[in-house]
1. For the range 726-772, what does the equivalent ellipsoid look like in terms of its semi-axes, each the square root of 5 times an eigenvalue of the Cα gyration tensor, given largest first in whole Å?
2. Name the lysines eligible as straight-distance cross-link partners of K730: C-alpha to C-alpha under 27 Å, and not fewer than 8 places from it in the same chain.
3. Hey, what do the phi angles of the range 453-470 turn into as Karplus ³J(HN,Hα) couplings, whole Hz, using 6.51/-1.76/1.60 and θ = phi - 60°, x for Gly and Pro?
4. When the dipole is taken about the Cα centre of the range 678-779, and only Lys, Arg (+1) and Asp, Glu (-1) are charged at their Cβ, what size is it in debye, to the nearest 20?
5. Which label marks the calculated value of mean projected area of the Cα convex hull in nm², given the options [x] 40.9; [y] 36.6; [z] 47.0?
6. For the range 101-151, report the % of Cα-Cα distances exceeding 14 Å.
7. Around E227, what is the net charge, scoring Lys/Arg as +1 and Asp/Glu as -1 over all other residues with Cβ under 15 Å from its Cβ?
8. With all pairs of different alpha carbon atoms counted, what Kirkwood hydrodynamic radius in Å does the range 575-644 show?
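Read the figures in this text as sums done on the coordinates, not as results from a lab. All values reported here derive from a predicted model rather than from experimental measurement. All Cβ positions, even for glycine, are placed from backbone atoms using ideal geometry, and neighbour counts span all protein chains on display.
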Amino acid sequence: MVLHKNIPDIQHFNHPALKLEETMKRFLCVIITVLISANSLFAAGRQFTADDYRKGYNFRNEVQNLVYNDRIQFNWLKDSPAFWYTSETKDEKEFILFNLDTNTKTKLFDTNKLAQALESCIDKKFDAKKLPIFVFSFLEDKNTILFKYENNNWIYKLDNDELKKEENAPEMPNRRGWRSRYYGNRLDSRNESPDGKWKVYADEHNVWLENIETSEQNQLTTDGTEESFYDNQFFWAPDSANAIGFIKTPAEMRKVHYIESSPEDQLQPKHFTIDYNKPGDKLTIEKPVLINVTDKSCKHIDDSLFPNPYFISDYHWSKDGNYFYFFYNQRGHQVGRVIAIDTNTGQAKAVINEETDSFFDYNHKKYLKYLDDTNEIIWASERDGWNHLYLYDAVSGKVKNQITKGDWLWRSVEKLDIENRNMMITISGYYHDQDPYFIHYAKINFDGSGLTLLTTGNGTHRLTFSPDDKFYIDTYSRIDSPPVYELRNSNDGSLICEIERADAGELIAAGWPVTEPFVTKDRNDKYDIWGIIHRPRNFDPNKKYPVIEDIYAGPHGNHVPKSWRGYDYWHQALCELGFIVVQIDGLGTSNRCKEFHHFAWKNLADAGFPDRIKWMKAAAEKYPYMDIERVGIYGTSAGGQSALGALLFHPEFYDVAVASCGCHDNRMDKIWWNELWMGYPIDDHYKEQSNVTNAHKLEGRLLLIVGELDRNVDPASTMQVVNALIKANKDFDMLYLPGMDHSAGGKFGERKRRDFFIKYLLDDIPVDWNTVPDDIKLP
């Protein structure tokens, strides 16, 4: 402690010339000054207690049962125009049967009678209003249900309330009940031809063909070596006249090494190694060869259209065997082609050619479906500025028509009706008066006609279809509005009736602050930037609250929640400590137009920060209790990279950051994610945007968190930041977690993160955890 500059030198107190009275005065002056200085040292904030944490954590238990009907699962009856579901209110849990012939609801059974039946079989008291049954199925007679309780199957007769335990009950159904997405064709490799006459295989690095009837074997190639060999993967044409094989030139996989310092099963540390390619690494190359049965030949295909593959995939034979198709993704992800090999000539041509100056998002926006009977291909592209579907002639390579079109985007194909040439799809951005990220459903014909919207409600949607596809239940919600459930007609999307509506009234009455969407323009006043605001319960609008941003800016998606989440405990527990928490999707994130998304190209360090900062300033202008003079940020993985980047590149706005297992240098992280957005070859922009390279710019308070066993992002990525910060003589905090994989730090890391914000944003003193009982449970 540094004493006040006016305190006299203490050695003077022993001077013999001083009188006793003067000595006492001087001594009291020292004591008073020391006390004042000590008080000033701790005057910056209050001491947090365990009760302050319990308030936030225990709120979960107080409110978790105060929303009704926000998670209804609908269960369609097979061969019957009806479905059942569970409806809950404050006073009762009911099992409802909905009859589609009459559009009426009836109670499936008397819960009091079932409770009594259970009590007669099990020595236990049951509350008829809260029966612990969540899913069941009807048996064939439609008058008997099967349910599971305490790992036992129970059979219940609806007509006479007879209940018995059943050892050999049939399997319970999948309770989800909604349709999975349609992902297209898959072709499996095989050695034997479809007609059973031929076998092709690789031996001693070369290709051999065997006549199964005569056992005659012919060696088709002689150029295979250990360095470049023929793989034992073959795809036969439907007519057995040809097969496609591959010649492979392998590359050694990079190894990342780990030391597990504190294994559970032994005292001494363990070492292990994983395969882990990073940007710029050499890759194994596979290229197709054409095997002809008639002339017993194996022909190399001219690879000028696929010279440098990152990978090739989506193998497919035409129905007549004249063409073998595959998808070629060029290293750097700026060229994507569907290649057709003509088996009659051995020539390759690009029937689809997708080239871009930025990136082709093969991992999230690609759709490739071969239509065999009509020699067509459905393909997704952003070529007109929006992600849309196109119909191609698979032989000529010409676009027959654009299927979806407009200033909105296609998201997924949920159902493909090839016979009737239409599809059910999900889309975003169609309704310009709604959040552009909301998921909506539509039907459209392959020729682009007949667009029929199946959903209209202001929210993001999910559909559950009847077994005959004639009806569907539309469940939609927003982050600030709990679910609505509607029954609709599949033919035209017309509303039949509203089935239920979730009720969050008691939750709001209990003080739960509903998360608020907020929107403003981007840095250039062009695009809407959407985000959400989490507030403390019972917040005082006359107070000032520091703002904390939970950031994730990965270009592979949009990341701000759009649907009702019920109880967002993680953010709320942080808010209850005295903060406002925000989440924002800035430029460079996905599921908007191409220009919005491709802003991320070779630009990950930007992370949409100018948009985020402008958004928070606009929110603070509307809500002055948001104190943007005290701003924190935290994130994990790519979010960890951005959290540290906030202090390196925007220290004028961000003050405190907690960065967990960040990919701080995009040359250190996994190859597919980083080359997709940052490009190939590895140019100077990788280095220029690295948090390691820019570590010397650090301002503000930083906590780094990393697990020693992170298999997703090499832990050395964080340690290289640490090394650079030390060399730059920068202060920071670090939490290195033994045994932890890719994580924000688990419960201990979560607590350290919150303590860090308490200390440096609130200027308060965190709990002394060494002196309190371990009875505070993270949600």
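1. Numbers: eigenvalues 78, 70, 19 Å².
The answer is 20, 19, 10 Å, longest axis first.
2. Result set, ordered by chain and number: K687, K697, K752, K759.
3. 7, 9, 9, 9, x, 6, x, 9, 10, 9, 10, 10, 9, 5, x, 8, 6, 7
4. Its charge dipole is roughly 40 debye.
5. It is the one labelled [z].
6. 62 percent
7. On the way: positive: K248, K282, K287; negative: E204, D223, E226, D231, E252, E286.
Residues close to E227 contribute a combined charge of -3.
8. Computed over Cα pairs of the range 575-644, the Kirkwood hydrodynamic radius comes out at 13.4 Å.
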